[in-house]
Structures are given as C-alpha cells and as structure tokens.
1. Could you pull out the residue among ARG117, ARG141, ARG102, ARG129 that is within 27 Å of ARG204 (Cα to Cα) and either in a helix (DSSP H, G or I) or touching a helix residue (DSSP H, G or I) at 6+ places or on another chain (Cβ under 8 Å) (or both)?
2. Restricted to region 43-66, and to residues that are in contact (Cβ under 8 Å) with a residue 60 or more places away in the chain and under 25 Å from THR247 (Cα atoms), which residue is nearest to ligand 1 (Cβ to nearest atom)?
3. When LEU60 is evaluated against the numbered criteria (1) in contact with an Asp or Glu (Cβ under 9 Å, 6 or more places away or on another chain); (2) away from ligand 3 (no atom under 16 Å from the Cβ); (3) in a loop (DSSP other than H, G, I, E, B); (4) not assigned by TED's automatic domain parsing to the domain that holds GLU25, which criterion, by number, is the only one it fails?
4. Say we look at region 11-29 and pick out the residues that are near ligand 1 (Cβ under 9 Å from one of its atoms) and not in a helix (DSSP H, G or I); which of these is farthest from GLY58 (Cα to Cα)?
5. Check GLU218, GLU173 and return the single one that is of a type outside the set (Gly, Ala, Ser) and not assigned by TED's automatic domain parsing to the domain that holds LYS16.
6. For the list (1) modelled with pLDDT of 95 or more; (2) within 18 Å of the chain's Cα centre (by Cα); (3) more than 11 Å from ligand 1 (Cβ to nearest atom); (4) closer than 17 Å to LEU225 by Cβ, I need the number of the one condition that GLY271 fails.
7. Could you list, in sequence order, all residues of region 247-262 that are touching a Lys or Arg at 6+ places or on another chain (Cβ under 9 Å) and buried (at least 23 other Cβ atoms within 10 Å of the Cβ)?
8. In this structure, is CYS406 surrounded by 14 or more Cβ atoms within 10 Å (Cβ to Cβ) and outside any strand (DSSP E or B)?
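The values are calculated or read from the model by the stated rules, or taken from the named source; none is laboratory data. Note that the coordinates shown come from a computational prediction; the quantities given were computed from them, not determined experimentally. Methodologically, a virtual Cβ is constructed for each residue, glycine included, from the backbone with ideal geometry; neighbour enumeration extends over all protein chains shown.
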Amino acid sequence: MPAIIVIGAQWGDEGKGKIVDLYAERAGAVVRYAGGPNAGHTLVVHGDKLVVRLLPSGVLRTETECLLGQGMVLDLATLREEIGALGQRGIPLAGRLFVSERAHLILPHHVLVDGLREAGAGKLGTTKRGVGPCYEDKAARRGMRLGDLRDPARARRVLETALAAWQPVVEAEGARLPAPEPVLAALAESWAELAPHVCDTSVRLDAFVQKDALVLCEGAQGTLLDLDHGTYPFVTSSSAVSGGACTGAGIGPTRIRRVLGVTKAYTTRVGDGPFPTELLGTAGDHLRQRGVEFGSVTGRPRRTGWLDLPGLRYARRVNGLDGLCVTKLDVLDDLEHVEVCVAYDTPSGRTADLPVDELALAKPVFARLPGWRTATSACRELSALPAAARAYLDFVARETELPIYCASVGPNRDETITLRDPYG
Ligand code: GDP
Ligand code: IMO
Ligand code: MG
C-alpha cells in the first residue's frame, strides 16, 4: 500500500510543510486534499524560505508530481502567483503540476462574505480568504468548479445562480455584490494559463497507486479545526482529518499504508475558540517570540500554550494515527521546566480524553517535566539530544501510545532527527 497521510494533529501550523518537504524526497506524488489559501506551509532549505498556500509542499522536489485534489478550494489568482514565484526560482512545474477539474473556485463574493462576517459580532477569526463561503456554495450545490471554466456560458450561469443566492445576505449587511463581468473576465484569463494543468487528479493518483509508487497526502489545517471533529463552530469548513484524504484526493482507504500526525512540542492556535492550555502573559509571549509564532498567511500573532496530550490522543483516535512527527523541540530549549497537559477535569469528572465539546468548561491537569537548557538545533541523532529532551519525547510517546517518527529541531529541512523510516 503506497499512500502515506501527513496531517496536523493540533490547530494547524504544526510544521506540516517542513515534514512533507522532507518526506517528499522519496514520493512519486504529493497531493493536497483539503482547504485552500487559508493554509500557509513553510519550507526552508539552506536558509531559503518558501511559503506555499495552495501548491503541495513537494514542489521543491523536482522529480515529484504535485497534485491539487478535488477537496480543495482554489483562489486562481493565488495559484497563478505561486506558480509564477516558483518559475522565478527556476523550479519547473510544467508536466508535474496537476489540478483537479472538480476543485471548487473561491470567487470574489466568497471573500466579501467572509470579510463581512468577520466584521460582525459572530466572528470566528477566519483567515478571510473566502474559504468558508466557498465550501457553503459547494454544499449547496451551486459552487463553481475549475472544469466549469471550459465552457464560458456554463461558468456564467453558475456564477449568476450563486450571486442570486447571496444577494439578500450581502444586501442585509449594506454591501454590494461584485459585478459578474470582471469576475468572468479574470476567470477566463486564469483558465488560459492554467488549462494545461487541469485534469482528473484521482486518475493520475491511481496510476501511482497501480505501480506501487509512494504517494504522500498532505493535510492542511489540523484535527481540531476539522469541520466534523474540531472545536465547532471555531473550525474551518473542510475535512482536515486523515479521512479527508480519501474523499479530497480520491484515493480509497485500502490504499493508505500509514497516517502520521504532526505536532509541535507545545501548542498554538490562530483565531478564536477554546484553548485550555493557552499561556497568557510573559510565558506565552516567550514561546511566541522564540517560536516566531506569527501566521504565515495573515501575520496574526498565534496564541501559544503547553502541549495537550489529551488533544493528541483525540487526534490518534479520529485520524487512526500510526505515529507522530514532533516539531519545534528547539523552541523549548531555554526553559527551566516544561509543562504538559495530561488530563482534563470536567463537570463530569477527570478524563484522559479531550472533552472536545465542553473544552470551555474543562480545566487542564498539568505534569511538570524538567527542561534541558541546552541548544538542540545542531542535534541530528537522538543520542545527541540532552537527556531531558529525550525524556520529554519519551513521555509524549508513552502518554499518547504513539511512536515518534521524527523530531524537528529547527525550520530547515536538515534540522531533523529521524527516528523511524516513514516509508518502512
Ligand atoms: P504548517 O502550516 O503546518 O506547514 O506550518 P507553518 O509553516 O504555518 O508554521 C510552522 C512554522 O514553524 C514555520 O515558520 C516553520 O518554518 C517553522 N518550523 C517548522 N519546524 C520547526 C522547528 O523544528 N523549529 C523551529 N524553530 N521552527 C520550525
Ligand atoms: P495550515 O494548513 C492555522 C483557522 C483560522 C480560523 C479557522 C477558520 O497552515 O496549518 P478559515 O479561514 O479556514 O475559515 O478559518 O481556521 N485556520 C488555520 N489556522 N493554520 C491553518 O492552516 C489554518 N487554516 C485555517 O485561523 O481559526
Ligand atoms: Mg500554516
């Protein structure tokens, strides 16, 4: 079974991009399956940084095919920008970038609605990229799919139907919908550039599966932002969990060999919603500064807190995790003690699970572990890590009952300690 899924085990920004870039070296194909330009995945190679929002994190591996599956929502201007930026770096995408004709398009009215809602009392702290309203159009069966652009008359009909549906919502806010003509003209221009990349990506993926070539499915967002399994309603609008890879990439569950969850050595969250292990004040600021915890898409400061083991156990269950990739261990390097949430006290008693629907009422129970107060970024072997850092990793592995596949000690591709072969 050739496919491996790499997903976020927390609230996003766990370092999925770094891990996927690392593991893509041996992958025939990397496929993104959910979300859109709300994602920002950072790749750093020899100090050279690239943030991808729609393109899969396999882009720097020029032998690897990159696919955008039908579970994604695409902003075509962003996609063209990203393709252009890669071209400027001399990285070829012709013949290796394929985009699903069934992926839905984020249109200007989606961005408008997202922004209007975020200006109101019911705001969720979204990335304001139109992702939620686009998935709403998809579920309402009036969304525009990339393949619709093949037929301009069809594209016009679809757009007009969607605009008519949103008109009362937008007018109630005292705003105006974007005029259709410029929207259609911009879409036609994008189509002219992107058409050679458009196909049924599930068929391409199947070709890799048939020849038993390795396929990497790249999650976006994280388990606790998943529409079904996250801290609803403070979630995104897609299936961020491993199951989303099957529907969003079009690969059957029987083809999945392994699911790996990426987690920071602590926790962050951007946007609103419960976060019981959050550190306010100077301790939180310290993690934010050391970890450079500012959103790669919006630049918003990320909320920071201690690692949440019940959250990782929850991620293990709903994703069927086989192992963890622990990132940003180095960010904890100078702490005297590291705290970890091991359980929750809730109105119905103490639990080792994440009480996901009553998180606002749950009180974290912490264990305190010794810090290591030694720089770890130069470590490339487990044995090179200070004993307390090894003990921290052991504690996480034992408490989650998950083996650790790698520990990341810096943003660069090579700042990684490999413990297990992801493809083994
Ligand atoms: P993603 O959305 O899950 O791909 O994660 P982001 O790219 O949004 O955020 C992760 C941030 O942490 C990026 O700035 C990475 O360059 C950085 N990063 C990843 N791994 C490490 C690590 O082990 N140590 C440090 N210090 N930074 C890391
Ligand atoms: P990556 O893939 C972190 C969060 C937003 C907000 C909520 C809903 O880089 O890990 P949306 O714009 O999706 O409707 O916002 O989800 N969010 C993310 N947080 N990383 C992401 O992606 C995120 N994508 C969405 O901050 O709380
Ligand atoms: Mg990110």
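1. Details: ARG117 fails: within 27 Å of ARG204 (Cα to Cα); ARG141 fails: either in a helix (DSSP H, G or I) or touching a helix residue (DSSP H, G or I) at 6+ places or on another chain (Cβ under 8 Å) (or both); ARG129 fails: within 27 Å of ARG204 (Cα to Cα).
Exactly one of ARG117, ARG141, ARG102, ARG129 is within 27 Å of ARG204 (Cα to Cα) and either in a helix (DSSP H, G or I) or touching a helix residue (DSSP H, G or I) at 6+ places or on another chain (Cβ under 8 Å) (or both), namely ARG102.
2. Within region 43-66, the first condition is being in contact (Cβ under 8 Å) with a residue 60 or more places away in the chain, and the residues that meet it are 43-47, 49, 51, 53, 56-58, 65.
Narrowing the set further to residues that are under 25 Å from THR247 (Cα atoms) leaves 53, 56-58, 65.
Values: ARG53: 10, PRO56: 11, SER57: 7, GLY58: 13, GLU65: 20 Å.
Only one residue fits best here, namely SER57.
3. (4)
4. Looking at the filtered set, the residue picked out is GLY12.
5. Values: GLU218 fails: not assigned by TED's automatic domain parsing to the domain that holds LYS16.
Exactly one of GLU218, GLU173 is of a type outside the set (Gly, Ala, Ser) and not assigned by TED's automatic domain parsing to the domain that holds LYS16, namely GLU173.
6. (1)
7. GLY248, ALA249, GLY261, VAL262, listed by residue number.
8. Working: surrounded by 14 or more Cβ atoms within 10 Å (Cβ to Cβ): yes; outside any strand (DSSP E or B): no.
No; evaluated as a whole, the condition is false for this residue.
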